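The values are calculated or read from the model by the stated rules, or taken from the named source; none is laboratory data. Keep in mind that this is a model prediction, so the values were computed, not measured. All Cβ positions, even for glycine, are placed from backbone atoms using ideal geometry, and neighbour counts span all protein chains on display. These area figures cover heavy atoms from the full protein model, side chains too; ligands, DNA and RNA do not enter into them. Shrake-Rupley method; radii C 1.70, N 1.55, O 1.52, S 1.80 Å.
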2 protein chains.
Amino acid sequence: MTSPVSETTYLKSYNIHDFDVPLTSVDMAIFTVHEDRLKVLLTKRAHHPEMGKWALPGGFIDQIKDHSLSDTARRKLKEKTGVDTPYLEQVETFGSAKRDPRGWSVTVAYLALLPYESITLAIGENTESVIWVNLDEVEQNDTLAFDHNSILSICHERLKAKVQYTSLPVNLLPEAFTLTELQNIFEIILGKPTEKKSFRRRILDANILEETGDMKTGSNRPAKLYRVSENGEKHVFNRIIEGPRV
Amino acid sequence: MTSPVSETTYLKSYNIHDFDVPLTSVDMAIFTVHEDRLKVLLTKRAHHPEMGKWALPGGFIDQIKDHSLSDTARRKLKEKTGVDTPYLEQVETFGSAKRDPRGWSVTVAYLALLPYESITLAIGENTESVIWVNLDEVEQNDTLAFDHNSILSICHERLKAKVQYTSLPVNLLPEAFTLTELQNIFEIILGKPTEKKSFRRRILDANILEETGDMKTGSNRPAKLYRVSENGEKHVFNRIIEGPRV
DNA sequence: TTGCCTTAGTGTCTCTACGGCACTAACATT
DNA sequence: AATGTTAGTGCCGTAGAGACACTAAGGCAA
């Protein structure tokens, strides 16, 4: 104990029955899309328990380095992918007596979205211990460490839910992209086709994109390139009850 | 330390730099509606730090009594209100070096909705230390302990957001209620009037309510009483992108 | 009993915006 | 120049939202 006094006071005043307090960690579901597949980042556990098993990347709060919880998440993400300005969202916190064999534990799950091109895997690590895996395969195999399969499942649910009413998938694409590329990402995540005209109307009416001015050439008719505009930061492009759609 | 071995291993394997680990607590934003006002439950802090200040009810995980995090929330809620089957939803987890003067700390915020009639305040406690306060007054005064004002604010945001697309406010009413009563609750939370016909059409088309068969009599024309039906549990009564509304 | 007030609940019109689908536009390739 | 492919548009039918006037059913006072 480096600071027994403050902790003792802390515990006494709240009637905690002893010092065996659950540790709090952060786990990350980092998604990207590559070759028309939704992928998630996994790391191989180097220590007990569950050594050798694949797991969501994560770790403990560093009280020196991290000022807030999201700093912990960002730090872990940077360690694994080299990216330091991801789309990052806290999803849910899981705490129970049984999720870790060592006893009561708590973990805060974060979801991150990255463009595949922006990533440099496993900075300063054994590269084989950090990999992208197709999400559907991970979900079918159900062999991740601890309760990471159910955490991942809930993060996936959240992603699918938010795609219904936000422009969140833009974070899976590079800065400039075509509407067809964006629509593809939506379809990959939702797992079903979307009407082209409706999609374009909604996303353009939402006023969250702006033209870069450039075109994507290559094969066939060139396509306009778009980027996320100022007011696109909020990601929301649809409301429901009353009032015009936003 | 009751289990030094496991904890040492735990910490070592993750390179935690020492034993001064943040403690994790649970805080609750408990809402109800009474006399056409949205209210939140506050407790007066009996110990340092911030002794005497009003705060959201909360506390630490009890590793014996609680099997999961939501058990902690439910236990706290039961202690303060006597209710043990609330609508309970985890909102967000706040962790930082500064939110508590004693150092790094983490708290998981929960939102609960209760019918006013179901509540017996402050079971076995000094009744003056647990009170209902009008939410707008709390938000204006901005004098809660720790970062509880911002936690409360985020819980309020979540409530308003979900009311846009769910039937969540039914949890603020007794089991049987009229559509007008339900509409009133929506209007109180959203802070603006709603078209009667539209409201009724949406909520009835959503198929989440069923008639009890009874009528609410009293003054003027009697109104049909409704309750939440089986499929109403999910609370969702509207979708957005593509496909018919659910 | 009648008439009036209040609240519950409905009929119906208009208009927006979605899905659907056929169409045109602009390139590459041969 | 013809063909193929992808980008992007025009337009129609229709569902469902808002708006608001209307009817329904009680209490209460005279």
Give me, ordered by chain and number, the residues 5 or more places off A:Leu144 or on other chains with an amide H under 5 Å from its own placed amide H. A:Asn149
Which ³J(HN,Hα) values in Hz, rounded to whole numbers, follow from the phi angles of segment B:45-57 under the Karplus curve 6.51 cos²θ - 1.76 cosθ + 1.60, where θ = phi - 60° and Gly and Pro get x? 5, 9, 9, 6, x, 6, 4, x, 7, 7, 8, 5, x
Give the shape of segment A:120-199 as rounded, prolate or oblate, defined through the alpha-carbon gyration tensor: a ≥ b ≥ c are the square roots of its eigenvalues, a/c under 1.5 means rounded, and otherwise the shape is prolate if a/b is larger than b/c and oblate if not. oblate
In nm, what does the list of distances from B:Thr194 to its counterparts in the other copies look like, shortest first, when each label sits 7 Å along Cα to Cβ? 2.8
Amide H neighbours of A:Val91 under 5 Å, at least 5 residues apart or on other chains, H built in the peptide plane: list them. A:Ala109, A:Tyr110, A:Leu111
Given Cα positions, please report Rg to Rh for segment A:59-98, the hydrodynamic radius being the Kirkwood one. 1.01
From the P(r) of segment B:165-234, can you give the percent of Cα pairs sitting at distances over 20 Å? 24 percent
Between B:Gln140 and the same site in the other copies, what are the distances in nm, shortest first, taking label points 7 Å from Cα along the C-beta direction? 6.0
Chain-alone versus full-assembly comparison, segment A:71-99, residues with accessible loss of at least 50 Å² (1.4 Å probe): A:Gln90, A:Thr93
Could you pull out which residues in segment B:65-84 have an amide N less than 16 Å from a spot 7 Å beyond the Cα of B:Thr120, following the Cα-Cβ vector? B:77-84
Identify all lysines with a Cα-Cα distance to B:Lys65 below 17 Å; exclude those on the same chain that are fewer than 8 residues away in sequence. A:Lys98, B:Lys76, B:Lys78, B:Lys80
Amide H neighbours of A:Phe31 at under 5 Å, excluding residues fewer than 5 places away on the same chain, with H built from the backbone geometry, are A:Ala112, A:Leu113, A:Leu114
Using a 1.4 angstrom probe on the protein heavy atoms only, line up A:Thr81, B:Thr194 by accessible area, largest first. B:Thr194, A:Thr81
Nearest 100 Å² is fine: how much accessible area is buried between B and A, summed over both sides, with a 1.4 Å probe? 5700 Å²
Rounded to whole Hz and in sequence order, give me ³J(HN,Hα) for segment B:152-163 from the Karplus expression 6.51 cos²θ - 1.76 cosθ + 1.60, θ = phi - 60°, writing x for Gly and Pro. 4, 4, 5, 5, 5, 4, 4, 4, 4, 5, 6, 5
Which value, in Å², gives the accessible area per residue of segment A:21-162 when a 1.4 Å probe is used on the protein heavy atoms? 41 Å²
Using a 1.4 Å probe, how large is the accessible area of B:Thr85, given in Å² and rounded to the nearest 10? 120 Å²
